[in-house]
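The structure follows.
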Amino acid sequence: MSTKQIKRIVRDVPGHWVGDGFPVRSLFTYAEADLFDPFLLLDYAAPHTFAPSSGEPRGVGEHPHRGFETVTIVYQGELEHRDSAGHHGAIGPGDVQWMTAASGVVHEEFHSQRFARAGGTFEVVQLWVNLPARDKMSAPRYQEILDRQIPVVKLPDGAGSVRVIAGELAGTKGPALTFTPVQLWDVQLSAGGAATLPLVDNHTTALVVQRGDSTVNDTETVADASLVLFDRAGDQISLKAKGEGRVLLLSGQPIGEPVVGQGPFVMNTRDEIQQAIRDFQAGRMGRLA
Ligand code: MN
C-alpha cells in the first residue's frame, strides 16, 4: 500500500448564493477540470439557519443542464425538485438525488414547502460528475437514493462509519449507478477516531471536511468547509479526527477527455456548447409543466 500524497488544500473559500436558497462555497469548479477529472464542481452549503416563512420557498428556479450528472446530498433540511422528465419529489436528511442530465434536463430546486414553513438548518452538497463523450447525449436518468437504501460500513476500532453512496468499501457496494468508476462515501468519524481508507491507484481523490478538525495522512490538520485534493498515485489515505467529524470522500477514474463548460452545460467542444444553448432556447431539453 502507498499513500496518496496531499496535492492541494482549499481553505477559506468565499461564499455566494445560488438562487435565494443555497449559501454555498464552490470548493472547485470545471475551470480546473483536469485536476479534478472526472468531477466538475462541488458546492457545499454549510449549515445555515433559515427563519420560518409563509412566502414562496427559497431556491433556484427553472434552469437546464447538459453533459454531466448532478449529485445532491442532503444533510439537514429538505429539498424539493421538479424536472422536465416528469420527476418530482422531496429529499431529506441522508437522502441523495443522483440526476443524470446527459442530453438535457430542465429543473428547479427549492426548499420544500414543509421546510420553508417550519424553518431550520439547511446543509447540502451538490457535486457534478462528468460523463464520457459517448454518454453525454444519452437519455436523462434519475436516481432517488434514500437514506435507508445506503449501506453503512463500520470502521475498525470504533473509528466511525461510512455510508457508501457509490463505489465499494470492504465488500459493501453503494446503490448509485455510475457511468465510470466513482466512489462517494459519507464518512462519520468518532472523537479521536483514526482510519485508513483503501482507494484506487490513479483515481482522482478529494475530501471535503464538513465538521470537526481532521488530520490527514498524519501531516495536515484541516477544518470545516475545506477540501483536500490528493495525488492520483497511491491507494490509501489516512484520517484522524480530533472531535467528532464528518467528511465526504470522492474518488473516481479520470475520463481524460477535453472539457468545455459554460454555465450549466459541460461538453467536449465549443460547438457542442453552442448547440446546447440553441437546444435549450428551442425547448429541446423540455420544459417544466
Ligand atoms: Mn440544477
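What single numbered condition from (1) closer than 20 Å to V129 by Cα; (2) not in a loop (DSSP other than H, G, I, E, B) fails to hold for E62?
Unmet condition: (1).
Can you tell me which of F36, F28, F50 is among the aromatic types (F, W, Y), open to solvent by less than 50 Å² (accessible area, probe 1.4 Å) and closer than 30 Å to R117 by Cα?
On the way: F36 fails: closer than 30 Å to R117 by Cα; F28 fails: closer than 30 Å to R117 by Cα.
Only one candidate qualifies: F50.
I need a count of the residues in the stretch 26-56 that are part of a strand (DSSP E or B) and either within 22 Å of V247 (Cα to Cα) or modelled with pLDDT under 95 (or both). Before you say what the answer is, go through the steps one by one.
Applying the first criterion (part of a strand (DSSP E or B)) to the stretch 26-56 yields 26-28, 39-50.
Remaining after also requiring either within 22 Å of V247 (Cα to Cα) or modelled with pLDDT under 95 (or both): 26-28, 39-49.
Residues meeting the conditions: 14.
Let me ask another. Restricting attention to the stretch 67-82, and to residues there that are of a type in the set (D, E, K, R) and open to solvent by 10 Å² or more (accessible area, probe 1.4 Å), which single residue is farthest from Q262 (Cα to Cα)? Give the derivation first.
Step one: filter the stretch 67-82 for residues of a type in the set (D, E, K, R), giving 69, 78, 80, 82.
Now narrow it down to the ones that are open to solvent by 10 Å² or more (accessible area, probe 1.4 Å): 78, 80, 82.
On the way: E78: 29, E80: 25, R82: 23 Å.
Residue satisfying both the conditions and the ranking: E78.
Scan the stretch 113-147 for residues that are open to solvent by less than 40 Å² (accessible area, probe 1.4 Å), away from the ligand (no atom under 16 Å from the Cβ) and part of a loop (DSSP other than H, G, I, E, B) and report the count.
Here the count works out to 5.
Right, here's the next one. Within the stretch 207-239, take every residue that is under 16 Å from E123 (Cα atoms) and in a strand (DSSP E or B) and give me the one that is most open to solvent (accessible area, probe 1.4 Å). Show your work before the answer.
Of the residues in the stretch 207-239, the ones under 16 Å from E123 (Cα atoms) are 208-212, 224-226.
Okay, now just the ones that are also in a strand (DSSP E or B), so 208-211, 226.
Values: V208: 0, V209: 0, Q210: 5, R211: 83, S226: 6 Å².
Looking at residues that are under 16 Å from E123 (Cα atoms) and in a strand (DSSP E or B), I get R211.
Can you tell me how many residues in the stretch 233-276 are of a type outside the set (A, V, I, L, M, F, W, C), more than 22 Å from the chain's Cα centre (by Cα) and under 30 Å from T3 (Cβ atoms)?
Quick first cut of the stretch 233-276, residues of a type outside the set (A, V, I, L, M, F, W, C) only: 234-236, 238, 240, 242-246, 251-254, 256-258, 261-264, 268-272, 274-275.
Of the ones still in play, those that are also more than 22 Å from the chain's Cα centre (by Cα) are 234, 240, 242-243, 269-272, 274-275.
In the following step, the residues that additionally are under 30 Å from T3 (Cβ atoms) were identified as 234, 240, 242-243.
The qualifying residues number 4.
Further question on the same structure: Exactly one condition in (1) in contact with an Asp or Glu (Cβ under 7 Å, 6 or more places away or on another chain); (2) in a helix (DSSP H, G or I) is false for M285; which is it?
(2)
As an exercise: evaluate Q210 against (1) touching a residue at least 12 places away in the same chain (Cβ under 8 Å); (2) in contact with a His (Cβ under 9 Å, 6 or more places away or on another chain) and give the number of the one condition it does not meet.
Of (1) touching a residue at least 12 places away in the same chain (Cβ under 8 Å); (2) in contact with a His (Cβ under 9 Å, 6 or more places away or on another chain), only one is false for Q210: (2).
Within the stretch 51-65, track down each residue that is within 11 Å of the ligand (Cβ to nearest atom) and touching a residue at least 60 places away in the same chain (Cβ under 8 Å). I'd like the intermediate steps shown before the answer.
Narrowing the stretch 51-65 to residues within 11 Å of the ligand (Cβ to nearest atom): 59-65.
If the condition is that a residue be within 11 Å of the ligand (Cβ to nearest atom) and touching a residue at least 60 places away in the same chain (Cβ under 8 Å), then E62, H63, P64, H65 are the ones that fit.
Condition test on E32, is it within 16 Å of the ligand (Cβ to nearest atom) and among the charged types (D, E, K, R)? Give the derivation first.
Numbers: within 16 Å of the ligand (Cβ to nearest atom): no; among the charged types (D, E, K, R): yes.
It is false that E32 is within 16 Å of the ligand (Cβ to nearest atom) and among the charged types (D, E, K, R).
Mind listing just one residue for me: the one in the stretch 151-174 that is part of a loop (DSSP other than H, G, I, E, B) and over 21 Å from L42 (Cα atoms) and, of those, least open to solvent (accessible area, probe 1.4 Å)?
Start the filter on the stretch 151-174 by keeping residues that are part of a loop (DSSP other than H, G, I, E, B), which leaves 151, 155, 159, 167, 170-171, 174.
When the remaining residues are screened for being over 21 Å from L42 (Cα atoms), the result is 151, 155, 159, 170-171.
Numbers: P151: 34, L155: 17, A159: 1, A170: 88, G171: 60 Å².
Checking each candidate, the answer is A159.
Further, regarding this structure: Would you point out the residue of the stretch 95-112, among those that are open to solvent by 10 Å² or more (accessible area, probe 1.4 Å) and more than 25 Å from R278 (Cα to Cα), that is nearest to the ligand (Cβ to nearest atom)?
This residue is F110.
The values are calculated or read from the model by the stated rules, or taken from the named source; none is laboratory data. In this text, all values refer to a predicted model and were calculated from it rather than measured experimentally. Note: ideal-geometry Cβ built from the backbone for every residue, glycine included; neighbour counts use all protein chains shown. Please note that ligands, DNA and RNA were not included when accessible areas were found on the heavy atoms of the full protein model with its side chains. Shrake-Rupley method; radii C 1.70, N 1.55, O 1.52, S 1.80 Å.
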